[in-house]
Amino acid sequence: GFTDAPSMPWFGMDIGGSLCKLVYFEPKDITKDEADSEVETLRNIRRYLTKNSAYGKTGHRDTHLQMDDVYIRGRRGTLHFIRFPSSEMVNFLALAKSKGMANLVTTVCATGGGAFKFEEDFRREVNMKLEKFDEFDSLLKGLQFADAQNPSECYYWANPTDDACCSKVKYDFSNPYPFLIVNIGSGVSVLAVYSATDYKRISGTSLGGGTFLGLCCLLTGCNTFEEAIQLAAEGDNTRVDKLVRDIYGGDYERFGLPGDLVASSFGQMNSREKRSKVSRQDLARATLVTITNNIGSIARMCAIQEKIDRVVFMGNFLRVNPIAMKLLAYAMNYWSKGTMKALFLEHEGYFGAIGCLLQFHE
Ligand code: ADP
């Protein structure tokens, strides 16, 4: 029997500084008895979530990430991945209320700063109690689960600098320890993971995905992450940055620094003349390269300090962002002379929410 399992619906929620990530377990093994006794609201919510992929103006379901045939607490079902801006929380709660959620769900598992910030709103608006979990515990549990479920969860980029023949290659992460996690959300956290339960947060930086998006909006007038990434894809950072060759006229051979290496991010923008020649696209690209290379550099120093050679990058900064992933892949490999490897994950920003759902009345 399923008597020990918490009652449906099962959600896991990670309310971050930028995005709220919601994972929903849709049971696929409902017996006739269970269906007969199921309350109508529960059925309606399941239908609403699974039949749509857009919710309100800003909610999206990442259908390409859906995980079928997963087993959780003895139940078989499908995991659905939904996100919306954390700034829309009030509208999300109103939507949840209009779907009858207030008469149904009593407890939702939540992690991330918003689990504290919005706790009172959940109680007042939809009569929900938040069962709170630590975000890094959740992240790790979610990562372990996803990697065990999905044989192609973890991958690396082969030939990251060659547009013609670069490709994603599956990486066998079944023997992962020790490894580094670099979680690039609004800000960045670096964790060193020694076993399934033994880890520590060793570093971080406030120059993260939020910084990229914030600076990009300021510099280009764009309004969304997708727009910022699109601009960056069309731009050239070498018209913005000062390269080694702009200073040396070529390579700095004595210390092995190639001429096309960025010596000074945005270093050309002190010149009025150069400023008059750059495009929004160039500025977006330079912002992306600046933030990404800085994170890569911190990741490498942490890996050296911890004597770890595998670095797993995750977080929604990497969403629809192959430029950043390839830059990280190249930089990790190049500066470590091939000793370190940058790894990536398909469910990039959802591990906290997955881990949260798994811990529900564990
Ligand atoms: P957090 O938990 O801090 O919200 P995430 O892992 O969700 O962190 O990543 C947030 C970052 O992801 C943003 O700062 C931005 O760089 C990037 N991002 C990707 N997609 C979006 C989006 N649709 N809206 C806003 N930011 C996005």
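The values are calculated or read from the model by the stated rules, or taken from the named source; none is laboratory data. A quick note: this is a predicted structure, and the numbers were derived from the prediction, not measured. Note that we place each Cβ from the backbone using ideal geometry, even for glycine, and neighbour counts take in every protein chain shown. These area figures cover heavy atoms from the full protein model, side chains too; ligands, DNA and RNA do not enter into them. Shrake-Rupley method; radii C 1.70, N 1.55, O 1.52, S 1.80 Å.
Annotations for the structure displayed:
- Placed amide H near Met128: partners under 5 Å, 5+ positions off or other chain: Arg123
- Contact order normalised by residue count of the chain, Cα under 8 Å, 6+ apart, percent: 20 percent
- Label sites at Asn127 and Glu234, each approximated as a point 7 angstrom past Cα along Cα to Cβ, lie 5.1 nm apart.
- Exposure of Ser276 as accessible area (Å², to 10), given a probe of 1.4 Å and all protein chains: 90 Å²
- Computed over region 167-315, relative contact order equals 28 percent, with contacts defined as Cα pairs under 8 Å that lie 6+ residues apart.
- The label point for Leu261 and the one for Lys99, both projected 7 Å from the Cα toward the Cβ, are 5.1 nm apart.
- Legend: helices of the chain (whole DSSP H runs) are marked when their alpha-carbon atoms reach 18 angstrom or more along the helix axis and their mean Kyte-Doolittle hydropathy is at least -0.5; marked are 135-149, 280-306, 322-335.
- Counting 0.36 nm for each residue step from Asn294 to Lys277 and taking away their Cα separation leaves a gain of 3.6 nm.
- Sum of side-chain charges, Thr50 neighbourhood, beta-carbon under 14 Å (Lys, Arg +1; Asp, Glu -1): +4
- Projected label points at Phe116 and Ser37, each 7 Å from Cα along the beta carbon direction, are separated by 4.0 nanometres.
- A straight chain from Ile247 to Ser206 at 0.36 nm per residue would run longer than the Cα-Cα distance by 11.8 nm.
- Given charges at beta-carbon only (K, R positive; D, E negative), |dipole| of the chain in Debye: 700 debye
- Within region 126-153: backbone nitrogen closer than 18 Å to the Thr78 label point (7 Å, Cα to C-beta): 150
- Computed E for Asp134/Gln305 - FRET, C-beta separation, R0 30 angstrom, nearest 0.05: 0.80
- Mean Cβ neighbour count within 10 Å, used as a protection proxy, ranking 336-344, 198-206 highest first: 336-344, 198-206
- Computed from the C-beta positions of Lys337 and Ser174 and an R0 of 22 Å, the FRET efficiency is 0.25 to the nearest 0.05.
- Kirkwood-type radius of the chain, with distances r between different C-alpha atoms, in Å: 22.0 Å
- Taking amide hydrogens as placed 1.01 Å from N in the peptide plane, the amide H of Asp251 sits under 5 Å from those of Gly259, each at least 5 positions away in sequence or on another chain.
- Extension gain (nm, one decimal) between Tyr194 and Ser152, 0.36 nm per residue minus Cα-Cα: 12.9 nm
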